[in-house]
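Read through the structure below, which is laid out as structure tokens, and then see the notes.
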Amino acid sequence: MELTNSVVIDRPASVVFAAWSELERIPDWYVDSIERRKTSEGPVGVGTTYHAVDKIPPGRTIEGTLEVTQYQPDRLIAASLSDPYNARWEVTFEETAGSTQMTMHIVANLSGIQGLLGPLLSGWASRVQQRGLDRFKADIESR
């Protein structure tokens, strides 16, 4: 399953990137994210790890390790998630006239019954993703 969602935030890329880089705050914006707890030392960058807990349909909880795989300040942050889906995501930040287009691309490997339900899950996941980006936008623009 692949998803791409975007939002334009009325703030410079440096502000948007800095806020998104606080990965522990993802549960503040995504209702299906329960926890992001940093498990490595030092500032966020390539190799930084987090314990991740998420809710998935139909009411299951999954856990895994999220690891930052790419980190280019104000431009790009990407991560992989070692959970049953081995998901990967990449977020780009493109500034134009003081606003920032933030685009998130996710690839998740569905198998079993979820693989069969891929088209239905894809629609649901895309809506969840967009709601999360919209909450993030509202939070950042309210600061």
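The values are calculated or read from the model by the stated rules, or taken from the named source; none is laboratory data. Keep in mind the model is a prediction, meaning the values are calculated, not measured. With ideal geometry, Cβ positions are generated from the backbone for all residues, glycine too; neighbour counts draw on all protein chains shown.
Quick look at the values:
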item: Members of region 34-50 found to be more than 17 Å from the chain's Cα centre (by Cα) and β-branched (Val, Ile, Thr), listed by number; result: 39
item: Out of 127, 135, sole residue that is modelled with pLDDT of 90 or more and within 25 Å of residue 67 (Cα to Cα); result: 135
item: Count of region 89-116 residues which are at pLDDT below 95, closer than 23 Å to residue 45 by Cβ and surrounded by fewer than 17 Cβ atoms within 10 Å (Cβ to Cβ); result: 1
item: Candidate set: region 1-50, residues that are over 18 Å from residue 93 (Cβ atoms) and touching a Lys or Arg at 6+ places or on another chain (Cβ under 7 Å); chosen: the one surrounded by the fewest Cβ atoms within 10 Å (Cβ to Cβ); result: 24
item: Pairs with Cβ under 6 Å, 6+ apart, first in region 50-62 and over 18 Å from residue 79 (Cβ atoms), second among the β-branched types (Val, Ile, Thr); result: 55/61
item: Cβ pairs under 6 Å, 6+ apart, first in region 28-45 and closer than 15 Å to residue 125 by Cβ, second modelled with pLDDT under 95 and among the acidic types (Asp, Glu); result: 32/54; 33/54
item: Strands (runs of 3 or more DSSP E) wholly inside region 1-84 containing at least 3 residues that are out of contact with any Asp or Glu (no Cβ under 9 Å at 6 or more places or on another chain) and not basic (Lys, Arg); result: 2-9, 60-72
